[in-house]
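Read through the structure below, which is laid out as structure tokens, and then see the notes.
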Amino acid sequence: MNGFGQKQKKSRNTNSKKLNGLSANKIKELAINFHALGKLAKAEKYYLHLLDIGIDDPDIISNYALICEQTKRLTKAKHLYEQCIRRFPNHSISACNLSYIYLTNGNLDKAEELINKVIDRNPKLINAYNNLGLICKEKGEIKEAISNMQKAIELDKNFIDAKINLAIILRDIGNNKRAKKELTEAIKLNSNRADIFLNLGTILKEEGLIEDAEAATRKALSLDSDIADANRNLAVILKEKGNIKEAIFHARKETEISPDNSSAYILIYSILCESDISIVRRELVIELICLLLDRKDIEHVGLFKIISEFVLKEHLNNIEKLKGMLIQNEVLERLINDNIISKALKLLPFADIRWERILTQLRKELLVYSIEHNFILSKKITNFISALAQNCYLNEYVFELTDDEINMLADLKINLSINNINDAKIAILACYIPLIELNKVYNLVDSFVSKNLNINELLDIQFKEPIHESMIEKTIRSVDMINDTISKAVKIQYEDNPYPRWRYTSSFTSNQINIFAAINSEITPNKIESNVNKTNYKVLIAGCGTGLQVMDALRYQNASITAIDLSKASLCYAKRKTQEIGVNNIDFIQMDILNLDKLNQKFDLIECSGVLHHMRSPNDGLKKLINVLDDDGFIKLGLYSKNARTIVNSIRQSFRESEEGISNNGIRCFRNRIMRSNYKDFYEITKWSDFYTMSMFRDLCLHVQEYQFHISELINLITSNNLEFLGFVIGKDIKESYQEFYSNDQKQIELLNWINFEEIKPDTFKAMYQFWVKKRNITS
């Protein structure tokens, strides 16, 4: 072939003498046999030899491309298939395989166009229907996907790939019975296919048949130990069974197989945060913590408890034995040399009252130390101060600020200029005031240049990102005026304190699932049936805040997302965060839920968590949501439980009785009073992670508007709006406990039972009542 593989010609001639004694047909026969036996390297050599000697055969080109595809050289495979089709336009196998590569690359329209041409030319090519079915599945055309898989099976009842793919589609729409039937038939045809047992295990796990699920998944791994999904699925099962050591082994194995797939790291995160890891070797836990802290595609906040136990505890014990200044007792050196602490400071609030005191004291001592040393500091100390500055920015400068610090900072600012600014001074100032605010007054940050990567990271976070948000503000459209006085007050709160401030979170852009599968995973043991006639879904996040719910909603397959909020500052933050991961198709809108009718569109799914209870009338807000909900749509709601917020109510009452006002300084002073008090409710609130940042504490305890519910009120809210309750979104352990009390409620949807359960366990809904509802069918 002209121009093909010329650079490798010499290396491929090593077997030429041996092969030259064979006919081209014989070499092709041997190549195909080696290929069929899985001896890909040898088959590739034979195919390449045939091409080198000028054999112009589409099967050889196509088979060589297939080997490239099988060995993950997809770009090369794509070029070879395209080359084959250009030279042999009617070669259906190459076109069929190329359409699959287009599919995996996300080019669905091109894949569909090509495969339809193949079917027109060769209507009995079974794999063409299989590929078309996969394309339809990705486009959300479920009915057509099923039809094409069935067509492939009709042409060849022993076509295992179509049976497996049909089972996956059926499982996605909740038809596990038929899915299992297809997989069982596939096993009869070939009991050595690992992917059959992988998918069977997934279905069995969903049905609660844990032992059977484990057996099927282990069978899959016995056939192929390098399937990433099988390792992850087994890890999930083992975590559920309490076999934490082996669960970690298989989750870790997945990271080795698919190091760029975030799902494995999300699983490790959940194992560390949700399991008893006291039996796990400390060295392994430290290794996993380091692994997770280096990721930018997972959440980190929940790691604090683990970091506190396995890393910070030893530091804390040493510090609590000391008296006097921390930086004179080698404390600073130990902290500086602990890489985990520096990384954690950049990523998450240290949600512990003892560590807040330590970091507050350290910040003050480092300010004094820096001034005494004229800001000529070692790179190590500067880097630690930079990490502390990032933590202060994350918690929105919630630490106590003394008069001495205020005076030292005022003196420092007097002679501040571009001529006397350096890395250390930038870092220490950023511990007290955001660099974006500093620049507004002194106009020196934008022209400051550093060679220190840590300082540049600090500049990005505190200066460049806020500038980016100010530019984004121009792109956020507003729909109608916000006229309701309560809505206006809530808007002001979140403009002042966008909630919450966060660095990274889990992103599901590469692990999307069907909307119905997503809902079923949250309302289990209840289940809803999928609508196979739906192809695309409109999703509304009503009250999106700074974007965490939007990021979570990216898991929905074939969904277009609209996100609304009262606060433009929150929307700008949210849009910047989605842009960071390459998502640019979210429609962010500033508007009041009360004006939703102005959008003139209906939604298939609405998420409104932690919003309605901040409205003048939660019921009025719900009615507005229902009015824009499609008749077959679903709503996820999150509302405060009165039973779970007695401590919060006590704190709120104390604040009303205090002289502090709703300002950052007032909140700081009130929190300091809480931390110094021996009052039981004050101590209890410091155990809530929301206590440890400015916006979260204000949202938790000092919101301008809050309504709290009993479940009896939820019943009235649901029934009066002709809705059907589908289930609470709550931890597996709570659902298992509920089942012990109310075994007759198999779907766990009897709200009267939940009233009694919450009376027994009042902290059940400490976060919120989160639940799914849908419009009630009039005929039901």
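Please work out if ALA77 is within 34 Å of the chain's Cα centre (by Cα) and open to solvent by less than 80 Å² (accessible area, probe 1.4 Å).
For ALA77, the condition - within 34 Å of the chain's Cα centre (by Cα) and open to solvent by less than 80 Å² (accessible area, probe 1.4 Å) - is met.
If I filter region 628-649 for residues that are of a type in the set (S, T, N, Q), more than 18 Å from PHE709 (Cβ to Cβ) and open to solvent by 20 Å² or more (accessible area, probe 1.4 Å), do I get at least one hit? Step through it out loud before you land on a result.
Looking only at region 628-649, we keep the residues that are of a type in the set (S, T, N, Q), and these are 641, 643, 646, 649.
Filter once more, keeping what is more than 18 Å from PHE709 (Cβ to Cβ): none.
No, that holds for no residue.
For region 550-574, which positions are touching a residue at least 40 places away in the same chain (Cβ under 8 Å), closer than 14 Å to SER609 by Cβ and out of contact with any Gly (no Cβ under 8 Å at 6 or more places or on another chain)?
MET551, ASP552, ALA553, listed by residue number.
Would region 695-703 turn up any residue that is open to solvent by less than 20 Å² (accessible area, probe 1.4 Å) and in contact with a His (Cβ under 7 Å, 6 or more places away or on another chain)?
The answer is yes, given that some residue of region 695-703 is open to solvent by less than 20 Å² (accessible area, probe 1.4 Å) and in contact with a His (Cβ under 7 Å, 6 or more places away or on another chain).
Filter region 67-96 for residues that are assigned to a helix (DSSP H, G or I), more than 24 Å from LYS39 (Cβ to Cβ) and polar (S, T, N, Q) and give the result.
Across region 67-96, the qualifying residues are GLN83, SER92.
State which residue is nearest to PHE516 (Cα to Cα) when the search covers only region 738-775 and only residues that are among the hydroxyl-bearing types (Ser, Thr, Tyr) and buried (at least 17 other Cβ atoms within 10 Å of the Cβ).
TYR769
Can you tell which of LYS26, LYS76, LYS39 is more than 25 Å from ILE126 (Cβ to Cβ) and in contact with a Cys (Cβ under 9 Å, 6 or more places away or on another chain)?
Of LYS26, LYS76, LYS39, the one residue that is more than 25 Å from ILE126 (Cβ to Cβ) and in contact with a Cys (Cβ under 9 Å, 6 or more places away or on another chain) is LYS76.
So in region 525-548, with the set limited to residues that are open to solvent by less than 30 Å² (accessible area, probe 1.4 Å), assigned to a loop (DSSP other than H, G, I, E, B) and of a type outside the set (S, T, N, Q), which one is nearest to ASP172 (Cα to Cα)? Spell out the reasoning first.
Kept after step one, since they are open to solvent by less than 30 Å² (accessible area, probe 1.4 Å), are these residues of region 525-548: 526, 528, 530, 537, 539-547.
Remaining after also requiring assigned to a loop (DSSP other than H, G, I, E, B): 526, 528, 530, 543-547.
Then drop every residue that is not of a type outside the set (S, T, N, Q), which leaves 528, 543-545, 547.
Working: ILE528: 11, GLY543: 29, CYS544: 27, GLY545: 30, GLY547: 27 Å.
Filtering region 525-548 for residues that are open to solvent by less than 30 Å² (accessible area, probe 1.4 Å), assigned to a loop (DSSP other than H, G, I, E, B) and of a type outside the set (S, T, N, Q), the one nearest to ASP172 (Cα to Cα) comes out as ILE528.
Considering ASN374, ASN443, ASN454, ASN407, which residue is more than 27 Å from ILE358 (Cβ to Cβ) and either in contact (Cβ under 8 Å) with a residue 60 or more places away in the chain or open to solvent by 40 Å² or more (accessible area, probe 1.4 Å) (or both)?
Of the residues listed, the single one that is more than 27 Å from ILE358 (Cβ to Cβ) and either in contact (Cβ under 8 Å) with a residue 60 or more places away in the chain or open to solvent by 40 Å² or more (accessible area, probe 1.4 Å) (or both) is ASN443.
Determine which member of the set ARG477, ARG501 is open to solvent by 40 Å² or more (accessible area, probe 1.4 Å), in contact with a helix residue (DSSP H, G or I) (Cβ under 7 Å, 6 or more places away or on another chain) and among the charged types (D, E, K, R).
ARG501 is the lone residue from the list that is open to solvent by 40 Å² or more (accessible area, probe 1.4 Å), in contact with a helix residue (DSSP H, G or I) (Cβ under 7 Å, 6 or more places away or on another chain) and among the charged types (D, E, K, R).
I need a count of the residues in region 707-733 that are open to solvent by 40 Å² or more (accessible area, probe 1.4 Å), modelled with pLDDT of 95 or more and either over 16 Å from THR764 (Cβ atoms) or assigned to a helix (DSSP H, G or I) (or both).
Qualifying residue count, region 707-733: 9.
Does ILE55 fit the bill of being of a type outside the set (D, E, K, R) and not in a helix (DSSP H, G or I)?
Yes: the conditions hold for ILE55.
Right, GLN361: crowded, with 16+ Cβ neighbours inside 10 Å and free of Cβ contacts under 8 Å to residues at least 40 places away in the same chain or not? It would help to see each step written out before you state the result.
Numbers: crowded, with 16+ Cβ neighbours inside 10 Å: yes; free of Cβ contacts under 8 Å to residues at least 40 places away in the same chain: yes.
Spelling it out, GLN361 is indeed crowded, with 16+ Cβ neighbours inside 10 Å and free of Cβ contacts under 8 Å to residues at least 40 places away in the same chain.
Using beta carbons and a limit of 6 Å, which pairs, at least six apart or on different chains, have the first residue in region 687-715 and under 22 Å from VAL301 (Cα atoms) and the second one open to solvent by 40 Å² or more (accessible area, probe 1.4 Å) and assigned to a loop (DSSP other than H, G, I, E, B)?
Going by the 6 Å Cβ cut-off, the qualifying pairs are SER695/TYR499; ASP699/TYR499.
Just need a number here: residues in region 319-358 that are open to solvent by 50 Å² or more (accessible area, probe 1.4 Å), part of a helix (DSSP H, G or I) and within 26 Å of GLU684 (Cα to Cα).
3
For the subset of region 412-435 comprising residues that are without any contact (Cβ under 8 Å) to a residue 40 or more places away in the chain and open to solvent by 30 Å² or more (accessible area, probe 1.4 Å), which member is nearest to LYS296 (Cα to Cα)?
Among those that are without any contact (Cβ under 8 Å) to a residue 40 or more places away in the chain and open to solvent by 30 Å² or more (accessible area, probe 1.4 Å), it is ILE433.
One residue is enough: does region 754-761 have a residue meeting the conditions assigned to a loop (DSSP other than H, G, I, E, B), under 27 Å from the mean Cα position of the chain (by Cα) and in contact (Cβ under 8 Å) with a residue 12 or more places away in the chain?
Checked region 754-761: no residue is assigned to a loop (DSSP other than H, G, I, E, B), under 27 Å from the mean Cα position of the chain (by Cα) and in contact (Cβ under 8 Å) with a residue 12 or more places away in the chain.
Quick check, is LEU303 without any contact (Cβ under 8 Å) to a residue 60 or more places away in the chain and under 19 Å from VAL236 (Cα atoms)? Talk me through it step by step, then tell me what you get.
Details: without any contact (Cβ under 8 Å) to a residue 60 or more places away in the chain: yes; under 19 Å from VAL236 (Cα atoms): yes.
So LEU303 fits the description; yes.
Being surrounded by fewer than 13 Cβ atoms within 10 Å (Cβ to Cβ) and on the phi < 0 side of the Ramachandran plot is the filter here, so list the residues in region 90-107 that pass it.
ASN90
Quick check on region 508-524. Is at least one of its residues part of a strand (DSSP E or B) and either more than 21 Å from MET481 (Cα to Cα) or modelled with pLDDT of 95 or more (or both)?
Taking every residue of region 508-524 in turn, at least one turns out to be part of a strand (DSSP E or B) and either more than 21 Å from MET481 (Cα to Cα) or modelled with pLDDT of 95 or more (or both).
Looking at the structure I just gave you, is ILE153 assigned to a helix (DSSP H, G or I), open to solvent by 20 Å² or more (accessible area, probe 1.4 Å), out of contact with any His (no Cβ under 9 Å at 6 or more places or on another chain) and β-branched (Val, Ile, Thr)?
yes
Output the qualifying pairs, or none if there are none: Cβ atoms under 9 angstrom, residues six or more apart or on different chains, first residue in region 639-652 and outside any loop (DSSP other than H, G, I, E, B), second residue among the aromatic types (Phe, Trp, Tyr) and open to solvent by 40 Å² or more (accessible area, probe 1.4 Å).
Pairs found: LEU639/TYR707; SER650/TYR679.
Could you list all residues from region 549-558 that are closer than 11 Å to GLU607 by Cβ and either outside any strand (DSSP E or B) or modelled with pLDDT of 95 or more (or both)?
Matches in region 549-558: GLN549, VAL550, ASP552, ALA553.
If ARG673 meets every condition in (1) crowded, with 18+ Cβ neighbours inside 10 Å; (2) of a type in the set (D, E, K, R); (3) over 21 Å from the mean Cα position of the chain (by Cα) apart from one, which number is that one?
(1)
Output the residues belonging to region 679-694 that are open to solvent by 30 Å² or more (accessible area, probe 1.4 Å) and part of a helix (DSSP H, G or I).
Scanning region 679-694 gives LYS680, ASP681, TYR683, GLU684, SER689, ASP690.
For region 563-588: of the residues being surrounded by 21 or more Cβ atoms within 10 Å (Cβ to Cβ) and assigned to a strand (DSSP E or B), which is nearest to the chain's Cα centre (by Cα)?
Of everything passing the filter in region 563-588, ALA563 is nearest to the chain's Cα centre (by Cα).
Given ASP630, ASP681, which one is in contact (Cβ under 8 Å) with a residue 12 or more places away in the chain and in contact with a strand residue (DSSP E or B) (Cβ under 6 Å, 6 or more places away or on another chain)? Let's see the steps before the verdict.
Working: ASP681 fails: in contact with a strand residue (DSSP E or B) (Cβ under 6 Å, 6 or more places away or on another chain).
Just one listed residue meets the conditions, ASP630.
Determine whether LYS117 is closer than 25 Å to TYR64 by Cβ, in a helix (DSSP H, G or I) and free of Cβ contacts under 8 Å to residues at least 12 places away in the same chain.
It is false that LYS117 is closer than 25 Å to TYR64 by Cβ, in a helix (DSSP H, G or I) and free of Cβ contacts under 8 Å to residues at least 12 places away in the same chain.
The values are calculated or read from the model by the stated rules, or taken from the named source; none is laboratory data. Every value quoted in this text rests on a predicted model; they were computed, and no experiment measured them. All Cβ positions, even for glycine, are placed from backbone atoms using ideal geometry, and neighbour counts span all protein chains on display. What goes into the accessible areas is simple: the full protein's heavy atoms, side chains included, and nothing from ligands, DNA or RNA. Shrake-Rupley method; radii C 1.70, N 1.55, O 1.52, S 1.80 Å.
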